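Structure record follows, encoded as structure tokens.
All of the numbers you see were taken from the coordinates with simple rules; none came from a lab. Because the structure is predicted, anything quoted here is derived from the model rather than measured.
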Amino acid sequence: MKKHIVLFLLLIVSAFQINAQTMDTDFSGKTIIPFNTHGGYGTGKSVNEIREFAPKATVLEALSINGNSVETAKEQVGKFVDDLTKR
């Protein structure tokens, strides 16, 4: 069985801040799974910025949940996780 290293990346403010903290990290062969809650802006440019600073990583589509629907997002999160396990 092939081992996979997967990184879940919480988009706190922007990928620019993440970039500054992880500049020296080699993400070659890693899978990055971004996720966040937001107040209406979604992920903004963050996922594209992650792809720019980690060009050799596989960056999946983000799970992005509006902060107003967090309490009812259990099904959405469950589907997201189920889809990940099918990869």
Near K86, which aspartates and glutamates are there with a Cα under 14 Å away, not counting those fewer than 8 places off in the same chain? none
All aspartates and glutamates inside 17 Å of K45 as judged from Cα atoms, apart from same-chain residues fewer than 8 positions distant: E61
